[in-house]
Amino acid sequence: MDDSRGRGWRQRGINAFSIFLFLFVFYTCATGPFESIIHRAIFVAILIVLGLFVYPLWSGNHLRPLGIVIDACMGVVAVISCVYVIANYELIMGSLGDLPLAQTLDILMTVCLVVIILEISRRAIGVIFPLIVLMILLYALFGEHIPGRLGHRGFDINFLTETLFLSDLGIWGMLTGVAATVIAAFTMFGAVLLNTGGGRTFIDIAMRLGGRAPGGGAKIATIASGLFGMVSGSAVANVATTGNFTIPLMKRLGYPPAMAGGTEAIASTGGQLAPPIMGAAAFIMAEIIGVDYVRIMIAAALPAFLFYMGVFMTIHVMATEGSLGSVPVEEVPVWKNILHWRKITPITTALAALFFGILNGNSITTSAFYGTVGALVTFPMTSIRKRSDLFATLRELEKAAIDSSKGLLIIGILLAGAQIMVSAINMTGLGVTLSTLIISVGGENIFLITLIVAVVCMIMGMGIPTTAAYVLVAAVLAPAMIKIGIAPLVSHMFVFYYATLSVITPPVCIAVFVGAGIAGARWGDTAKYALRLGAVTYVIPFLFIIYPGILAQEGMEAFAHALFSGVVFVLAFANLFGGMRIFRYRIINAVLWLVVAVLAVMPGLESTIAASVMTVCLYLVRKRSRAVLVQQAGS
């Protein structure tokens, strides 16, 4: 088989299994999921086969023929293992995995399935995540040989098999279930929305809102990436998608390549923090904490607003101080074209159907199904005017199905691997042990404990996609914060933010690497711009503890105070890192804005008012000094 025929065969396999997965998700969203383990086993089987097509072993290598044989064997073994679980569903659930006649076979299938899941994870995202899972499994098996507080009694391979494979606590556990239902539904909805006109419309809206303003190119990246990220929920995918448009645009307008890449990286990262999807973390968080998903969305709204306000205002200050270019007026689309009924109808129908389902009290999965159907029905109605349009529309719908399945592949495989990891952590009590160690180091100092947790979160999240990183830190570090009296929602949002920030935090900053690659810049320089623009985000999680109202925790009065303080703080940080010049010496300007920021985050209304008054005074002084400079230049 020559290389071109091999690629064509593989692409047909990708298309076929992508559409099959899309139809499986669509059907189960409409009719409801199967029995838990049955549903999850079918889902994992489809994911693994699709993953073997999308990420083939030794592709483009002379060893590819051997890779085909290995991939085929992996696919067959994975499907047989999943079918075995489905066939023995009642026996597994009734006997808690006591299947003595097939005990050796159970162990063999467990090992094979775990290895296959971790291998596809390695091909998709690199070696770090599978290594972490493998280390925790080895810890579960051999922990009895570890001295000190980290040691435990140890578990044999039979117990691991019963937990990981023959129960709903391991591979078929809660995280896999969330991936196969709620996350699958929203991934489907997002892909359909973006491919039925939403993607182009989001870019056009961003062009219209920010293009003509100072720093218009960077503001377009911020708005577009925010809109894309709210639906896609993936920082790296967001950089790769919107970055291919925004980064060349910024470079054409004269922005340094590193700034273009850094702007896109930080703006795309915000999509993981913004409702409704939050990189799939919103659904997982709701399951772990045991609260309604809508509650998570409401809690995440104000922090996400402050994040994007911080990025936007920092860009604005840098633009006004450094004369960053805006988009030429002839390139900015007009509202009449952006909001043309043919373009906007599928989007508005999809969103209206989604929110109707939520407000009507339907499940989140059903609501996402309504939104998907709304787009699928109205898109052909608004797009097909002649025969050639029919084929173009069908191609877009096929692309939506394929994009949906590819996005779900990474999330689903990661969560299946994360479920293995979490099961081992819970089995060994590692989370409780580390929580106790952190509290013993921090003593009763809440600030010190949360600072340790923040640093460890960013380290543990490096090189791992946000969803998996959140699951890891939620299992290991969130209990430490809950143990010292911090509310579960606050604790989980805190660790989630710092796990997310690992994608822009050196040395392993995946989003920065992608942005730098597109921009043709050094990743270190790109990271400096991303950190500068996103500096406020490293402090926002501490505001959750100082002002729980920021997460809508303590009524409207607390929320209003948190909003007021948060806005003043974000403005101060934007002016500090944007380099706003008020007085001649930079150090004086920096100190003044730092004082404002500290006052803004101090508890108490008096300090917030003082920060506000100081901000207004500094703005007035700046306005007066700029007027004097303009007058001097004119004379």
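The values are calculated or read from the model by the stated rules, or taken from the named source; none is laboratory data. Note that the structure is a prediction, hence the values are computed from the model and not measured. Cβ placement follows ideal geometry from the backbone for every residue including glycine, while neighbour counts extend to all protein chains displayed.
If I filter region 354-371 for residues that are within 30 Å of Leu253 (Cα to Cα), small (Gly, Ala, Ser) and modelled with pLDDT under 85, do I get at least one hit?
No; the residues of region 354-371 include none that is within 30 Å of Leu253 (Cα to Cα), small (Gly, Ala, Ser) and modelled with pLDDT under 85.
Which of the residues belonging to region 387-401 are of a type in the set (D, E, K, R) and surrounded by 11 or more Cβ atoms within 10 Å (Cβ to Cβ)?
Those that are of a type in the set (D, E, K, R) and surrounded by 11 or more Cβ atoms within 10 Å (Cβ to Cβ): Asp389, Arg395, Glu396, Glu398, Lys399.
Filter region 539-574 down to the residues that are β-branched (Val, Ile, Thr), assigned to a helix (DSSP H, G or I) and over 14 Å from Ile298 (Cβ atoms) and list them by number.
Result: Ile540, Ile545, Ile546, Val567, Val568, Val570.
State whether one or more residues within region 57-70 are in contact with a helix residue (DSSP H, G or I) (Cβ under 7 Å, 6 or more places away or on another chain), on the phi > 0 side of the Ramachandran plot, surrounded by 21 or more Cβ atoms within 10 Å (Cβ to Cβ) and not acidic (Asp, Glu).
no
Kindly indicate whether Ala521 is out of contact with any Lys or Arg (no Cβ under 9 Å at 6 or more places or on another chain), over 18 Å from Pro275 (Cα atoms) and not in a helix (DSSP H, G or I).
Taking the combined requirement at face value, the residue satisfies it.
Determine whether Met481 is modelled with pLDDT of 85 or more, part of a helix (DSSP H, G or I) and over 13 Å from the mean Cα position of the chain (by Cα).
The answer is yes for Met481.
Can you tell me which of Leu408, Leu414 is buried (at least 22 other Cβ atoms within 10 Å of the Cβ), in contact with a Pro (Cβ under 7 Å, 6 or more places away or on another chain) and of a type in the set (A, V, I, L, M)?
Leu414
Somewhere in region 235-256, is a residue assigned to a loop (DSSP other than H, G, I, E, B), modelled with pLDDT under 85 and surrounded by 24 or more Cβ atoms within 10 Å (Cβ to Cβ)?
no
Can we say Tyr470 is closer than 30 Å to Leu501 by Cα, of a type in the set (Phe, Trp, Tyr) and buried (at least 18 other Cβ atoms within 10 Å of the Cβ)?
yes
Identify the residue in region 209-224 that is surrounded by fewer than 24 Cβ atoms within 10 Å (Cβ to Cβ) and of a type outside the set (A, V, I, L, M, F, W, C) and, among all such residues, is modelled with the highest pLDDT.
Per the criteria, the residue is Pro214.
For region 158-196: of the residues being part of a loop (DSSP other than H, G, I, E, B) and among the hydrophobic types (A, V, I, L, M, F, W, C), which is surrounded by the fewest Cβ atoms within 10 Å (Cβ to Cβ)?
Filtering first and then ranking leaves Leu169.
Go through (1) closer than 30 Å to Pro256 by Cβ; (2) in contact with a Gly (Cβ under 7 Å, 6 or more places away or on another chain) for Ser323 and report which single condition fails.
Against the list (1) closer than 30 Å to Pro256 by Cβ; (2) in contact with a Gly (Cβ under 7 Å, 6 or more places away or on another chain), Ser323 comes up short only on (2).
What number of residues in region 488-544 are surrounded by 21 or more Cβ atoms within 10 Å (Cβ to Cβ) and more than 21 Å from Leu451 (Cβ to Cβ)?
Summing the residues that are surrounded by 21 or more Cβ atoms within 10 Å (Cβ to Cβ) and more than 21 Å from Leu451 (Cβ to Cβ) in region 488-544 gives 15.
I'd like to check something: does region 405-414 contain any residue that is over 30 Å from Ile42 (Cα atoms) and either of a type in the set (A, V, I, L, M, F, W, C) or under 25 Å from the mean Cα position of the chain (by Cα) (or both)?
No: zero hits.
If you scan region 431-458, which residues turn out to be aliphatic (A, V, I, L, M) and either in the same structural domain as Thr110 (by TED's automatic domain parsing) or under 25 Å from the mean Cα position of the chain (by Cα) (or both)?
Answer for region 431-458, where residues must be aliphatic (A, V, I, L, M) and either in the same structural domain as Thr110 (by TED's automatic domain parsing) or under 25 Å from the mean Cα position of the chain (by Cα) (or both): Leu451, Ile452, Val453, Ala454, Val455, Val456, Met458.
When Ala352 is evaluated against the numbered criteria (1) surrounded by fewer than 16 Cβ atoms within 10 Å (Cβ to Cβ); (2) touching a Ser or Thr at 6+ places or on another chain (Cβ under 6 Å), which criterion, by number, is the only one it fails?
Among (1) surrounded by fewer than 16 Cβ atoms within 10 Å (Cβ to Cβ); (2) touching a Ser or Thr at 6+ places or on another chain (Cβ under 6 Å), the lone unmet condition for Ala352 is (2).
Just name the residue that is nearest to the chain's Cα centre (by Cα) out of those in region 582-602 that are in a loop (DSSP other than H, G, I, E, B) and surrounded by fewer than 16 Cβ atoms within 10 Å (Cβ to Cβ).
Residue satisfying both the conditions and the ranking: Met602.
Looking only at region 90-110, count how many residues are within 35 Å of the chain's Cα centre (by Cα), part of a helix (DSSP H, G or I) and either at pLDDT below 85 or surrounded by fewer than 16 Cβ atoms within 10 Å (Cβ to Cβ) (or both).
The qualifying residues number 3.
Looking at Leu306, Leu376, which is the one that is aliphatic (A, V, I, L, M) and closer than 22 Å to Ala260 by Cα?
Leu306
With the checklist (1) in contact (Cβ under 8 Å) with a residue 12 or more places away in the chain; (2) of a type outside the set (Gly, Ala, Ser); (3) surrounded by fewer than 24 Cβ atoms within 10 Å (Cβ to Cβ) in hand, flag the one item Met318 doesn't pass.
Met318 satisfies all of (1) in contact (Cβ under 8 Å) with a residue 12 or more places away in the chain; (2) of a type outside the set (Gly, Ala, Ser); (3) surrounded by fewer than 24 Cβ atoms within 10 Å (Cβ to Cβ) except (3).
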